[in-house]
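The values are calculated or read from the model by the stated rules, or taken from the named source; none is laboratory data. Note that the coordinates shown come from a computational prediction; the quantities given were computed from them, not determined experimentally. Cβ coordinates were reconstructed from backbone atoms using ideal geometry, including for glycine residues, and neighbour counts include every protein chain displayed. Side chains are part of the model used for accessible areas, which takes the heavy atoms of the whole protein and leaves out ligands, DNA and RNA. Shrake-Rupley method; radii C 1.70, N 1.55, O 1.52, S 1.80 Å.
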Amino acid sequence: MKTSKSIIKPVIGLILLWCISAASFASYGPIDFTDKTLIDATSINVQYSRMVLNRRTGNFEINAELTNISSDSISGPLYFTIEQISSPDVSIVNHDAVSTQDIPYFLLNTTQLDPNDTLSLKLKFSYSSRARFTFTEKIYSSAVTGYTVGGTVSGYTGKGLVLQNNDGDDLVIDADGNFSFATALPDGSAYAVTVLTPPVKPTQRCTVENGEGFLNAENANVTVNCRLLLFISADDGLVGRELFATDGTAAGTFLVKDININASSDPSNLVVVDGVTYFVATNGINGRELWKTSGAVDDVVMVKDIRPGSGNAFTHRDSNLVAVGNTLYFRAYDGVNAFGLWKSDGTAAGTVMVKYTWPDERFNGFAPEELTAMGNTLYFSANDWDGGYNLWKSDGTDAGTVKVNSGGYDIFPEDLTVVGNTLYFSADTGSNLELVKSDGTDAGTVRVKPGQDGALFPRYLTVVGDTLYFSAYDDFRNGIELWKSDGTDAGTVMVKNIRPGSSGAFPDGLTAVGNTLYFTADDGINGRELWKSDGTAVGTVMVKNIWPGSGSALPQLASVYSDDYVPSTLTAVGRTLYFTAQNGVNGMELWKSDGTDAGTVLVKDIRPGSGSASPFGLRAEGNTLYFNADDGTNGRELWKSDGTYAGTVMVKDINPNSGASSNPVPLNAN
């Protein structure tokens, strides 16, 4: 097996010390080395047939060369034999080798000798008379086998995983399955496999099992397990509210970095751009600024102090970080220009303001909001000096950041939602809030359903396939009900009048699971329960009356436009919907549904009895649901579920202090 040639090359000029004794030898044939491989050499050139006295050292020397080795390669130690000694009184002993059948030979430690290489040897003797040596034309190579260090990788769904062996042998992993390092090692060699670069897109944490040891006449079998990494904001009672991460195990739940060593950094608004995780935090010296991390411990840096000093470049409301291709966009305040549009490539030099249109800091300046990517273009709502809040778009340049609509009045675009190549949003058309669509041009920015016959005050815009669903009402003839749109006037219709009359069912929490829309609604009889729709009136039905009678199993959400808005708990994990509900017996607990009455069940009564665990912050990572819950014993901590009773467990008691809670907030960077 071919290995590095670096060991054999320096062998030129090798010095071996030999001593002479009085024993006599007859002529012997080549030695038969058991379990050694015979390698033929086509020639051996003896440069000096007689030993020459080296007067400086007092030793006699003889030089020889071995050339034109006919083997493909020689692995392991090389053994050279002396086939005949012309002076019978010469014996060779103490030469750091082993004699077999009392036939002297010497050992050269090497790993490889390629064909046509020349191996120069210098033999040294302490002997005062002349002697002639004849070398055998046969070389013996130990049958040493090189062993590989490898194994299997499982759970790897990201990109960029690099493993390393013995601090130098790097191996890029492309996919799940078997792997093997290129460099083979002799038996008995040490190996130490580590993760040099963790995966990104999505961010994962990989752990190594059987990663260290010694080769014992067999290949190493290393196991690398990769899991999705969820970032959370949590308070462990020691370092304040900081950035933590978890792979779903207690051992794999760790503090990424104590960013603010004197208080809390309060990280928020994570987003991944080209494998790098960005977020907003404060280190206690600078204000709330832009940071980034790979997810590895301590690998957290501030990208740029956008607002120098202790002032905040961001507030929680302003932290709308959005990826468009490999560029991060956001709104920030640099202390001079109030809330301009910014972009970043992850470097301080590449973090720059894109656009600012106001002449001073009045009224919060340009103040871009609702940042939304459609293709390679960023769309947003912003307040310019002349026309108030309107729809804008940007290609990342000042000149390419322009207002889309030219109405010249405040339309206050909100709830920007992309369906294919069309942007939908709610806007003030001068008489009402209506559904508007845009293709990115002024002429292509139009009301979807003009007039007063419906689709007014649209909210909770949600895409299922190529259809847009939302809640709206039709000029007070009916209350707020479920609507859908294909982008045309005729195709924008009420799906079903769930609660006839002017009261309305107030659908909210609209969530897509495959081709089905789930939401909560109150039909006026059964209270607020779980519903689903396939886009037809007959296919819009209550999934299950979880709390029998008129009691509401799910709470009605506050207006999306109000300051006390709380996001819905309806969350899709694969084809399963998870949500928080109560049934009148148990408190507010975790439920799941497959869209059928029988398949809509309580996952686990986390806080047994009528008390409520009140799960919130539901977040899907791969096939796992993470959430914040209180079991009545450990306080509000991080939990996870695979949809089974046994698989719904607390990940870790991050704040183990009695009666304390870490109150984790899943941040979901993937």
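Could you list, in sequence order, all residues of region 603-635 that are of a type in the set (D, E, K, R) and in a strand (DSSP E or B)? Quick ask: steps written out before the conclusion?
As a first pass, look at region 603-635 and keep what is of a type in the set (D, E, K, R): 604-605, 607, 619, 621, 630-631.
Across region 603-635, the qualifying residues are K604, R619, E621, D630.
Where strands (runs of 3 or more DSSP E) fall wholly inside region 175-259, the ranges with 1 or more residues that are in contact (Cβ under 8 Å) with a residue 40 or more places away in the chain and either in contact with a Lys or Arg (Cβ under 9 Å, 6 or more places away or on another chain) or among the aliphatic types (A, V, I, L, M) (or both) are 190-197, 204-209, 220-228, 230-235, 241-246, 253-257.
Can you give me the number of residues within region 383-404 that are at pLDDT 90 or above and either over 14 Å from E369 (Cβ atoms) or under 36 Å from the mean Cα position of the chain (by Cα) (or both)? Before you say what the answer is, go through the steps one by one.
Step one: of region 383-404, the residues at pLDDT 90 or above are 390-404.
With either over 14 Å from E369 (Cβ atoms) or under 36 Å from the mean Cα position of the chain (by Cα) (or both) added as a condition, the list becomes 391-404.
Number of matching residues: 14.
Out of the residues in region 467-506 that are among the hydrophobic types (A, V, I, L, M, F, W, C), within 23 Å of M542 (Cβ to Cβ) and in a loop (DSSP other than H, G, I, E, B), state the one that is farthest from the chain's Cα centre (by Cα). Show your work before the answer.
Filtering region 467-506 for residues among the hydrophobic types (A, V, I, L, M, F, W, C) gives 468, 470, 472, 476, 480, 482-483, 490, 493-495, 498, 505-506.
Remaining after also requiring within 23 Å of M542 (Cβ to Cβ): 468, 470, 472, 480, 482-483, 493-495, 498, 505-506.
Restricting the remaining residues to those that are in a loop (DSSP other than H, G, I, E, B) gives 480, 498, 505-506.
Details: I480: 41, I498: 43, A505: 41, F506: 39 Å.
That would be I498.
From the list A367, A338, the one residue that fits, being in contact with a helix residue (DSSP H, G or I) (Cβ under 7 Å, 6 or more places away or on another chain) and either β-branched (V, I, T) or at pLDDT below 85 (or both), is A338.
Within region 228-237, restricting attention to residues that are modelled with pLDDT of 90 or more and open to solvent by 30 Å² or more (accessible area, probe 1.4 Å), the residue that is nearest to L171 (Cα to Cα) is D235. When region 600-613 is filtered for residues that are open to solvent by 30 Å² or more (accessible area, probe 1.4 Å) and either aromatic (F, W, Y) or in contact with a Ser or Thr (Cβ under 7 Å, 6 or more places away or on another chain) (or both), only K604 remains.
Among residues belonging to region 162-171 that are open to solvent by 20 Å² or more (accessible area, probe 1.4 Å) and in a strand (DSSP E or B), point out the one that is nearest to Y278 (Cα to Cα). Quick ask: steps written out before the conclusion?
Taking region 162-171 first, the residues open to solvent by 20 Å² or more (accessible area, probe 1.4 Å) are 162, 164, 166-171.
Now restrict to residues that are in a strand (DSSP E or B): 162, 164, 169-171.
Numbers: V162: 22, Q164: 27, D169: 31, D170: 27, L171: 27 Å.
If we take residues in region 162-171 being open to solvent by 20 Å² or more (accessible area, probe 1.4 Å) and in a strand (DSSP E or B), then V162 is nearest to Y278 (Cα to Cα).
Residues in region 376-399 that are more than 16 Å from D439 (Cα to Cα) and part of a loop (DSSP other than H, G, I, E, B): W385, D386, G387, G396, T397, D398, A399.
Inclusion of G311 among residues that are part of a loop (DSSP other than H, G, I, E, B), touching a Gly at 6+ places or on another chain (Cβ under 7 Å) and open to solvent by 10 Å² or more (accessible area, probe 1.4 Å) is warranted. The number of residues in region 269-286 being open to solvent by less than 10 Å² (accessible area, probe 1.4 Å) and in contact with a Ser or Thr (Cβ under 6 Å, 6 or more places away or on another chain) comes to 3.
Taking the criterion of being within 26 Å of C206 (Cβ to Cβ) and open to solvent by 10 Å² or more (accessible area, probe 1.4 Å), the residues of region 258-268 that qualify are D258, I259. Residues in region 439-456 that are at pLDDT 90 or above, open to solvent by 60 Å² or more (accessible area, probe 1.4 Å) and over 23 Å from D395 (Cα atoms): R447 alone.
A single member of D597, D605 is acidic (D, E) and over 33 Å from the mean Cα position of the chain (by Cα), and it is D597. Kindly evaluate L517 against the criterion of being buried (at least 19 other Cβ atoms within 10 Å of the Cβ), assigned to a strand (DSSP E or B) and under 36 Å from the mean Cα position of the chain (by Cα). Yes: the conditions hold for L517. Please tell me if V301 is surrounded by fewer than 16 Cβ atoms within 10 Å (Cβ to Cβ), of a type outside the set (D, E, K, R) and at pLDDT 95 or above. It is true that V301 is surrounded by fewer than 16 Cβ atoms within 10 Å (Cβ to Cβ), of a type outside the set (D, E, K, R) and at pLDDT 95 or above.
So which residues in region 413-438 are in a loop (DSSP other than H, G, I, E, B) and either aliphatic (A, V, I, L, M) or surrounded by fewer than 19 Cβ atoms within 10 Å (Cβ to Cβ) (or both), if there are any at all? Give the derivation first.
Taking region 413-438 and keeping what is in a loop (DSSP other than H, G, I, E, B), we get 413, 420-421, 429-432.
G420, N421, T429, G430, S431, N432 - these are the residues of region 413-438 that are in a loop (DSSP other than H, G, I, E, B) and either aliphatic (A, V, I, L, M) or surrounded by fewer than 19 Cβ atoms within 10 Å (Cβ to Cβ) (or both).
Residue by residue through region 238-257, note down the ones that are over 19 Å from Q204 (Cβ atoms) and open to solvent by 40 Å² or more (accessible area, probe 1.4 Å). Of everything in region 238-257, those that are over 19 Å from Q204 (Cβ atoms) and open to solvent by 40 Å² or more (accessible area, probe 1.4 Å) turn out to be L238, R241.
Evaluating A373 against the criteria (1) over 27 Å from V300 (Cα atoms); (2) open to solvent by 20 Å² or more (accessible area, probe 1.4 Å); (3) part of a strand (DSSP E or B) leaves one unmet condition, (1). Scanning region 479-494 for residues that are surrounded by fewer than 20 Cβ atoms within 10 Å (Cβ to Cβ) and hydrophobic (A, V, I, L, M, F, W, C) yields A490, V493, M494.
Any idea which residue in region 172-189 is modelled with the highest pLDDT, counting only those that are open to solvent by less than 50 Å² (accessible area, probe 1.4 Å) and farther than 14 Å from Y156 by Cβ? Give the derivation first.
Of all residues in region 172-189, those open to solvent by less than 50 Å² (accessible area, probe 1.4 Å) come to 173, 177, 179, 181, 184-185, 188-189.
Those left that are additionally farther than 14 Å from Y156 by Cβ: 181, 184-185, 188-189.
Values: F181: 91, A184: 79, L185: 80, G188: 78, S189: 83.
That would be F181.
Out of region 622-638, which residues are farther than 15 Å from D236 by Cα and either hydroxyl-bearing (S, T, Y) or buried (at least 23 other Cβ atoms within 10 Å of the Cβ) (or both)? Write out each step before concluding.
Filtering region 622-638 for residues farther than 15 Å from D236 by Cα gives 622-627, 629-633.
Correct list: T624, L625, Y626, F627, A629, T633.
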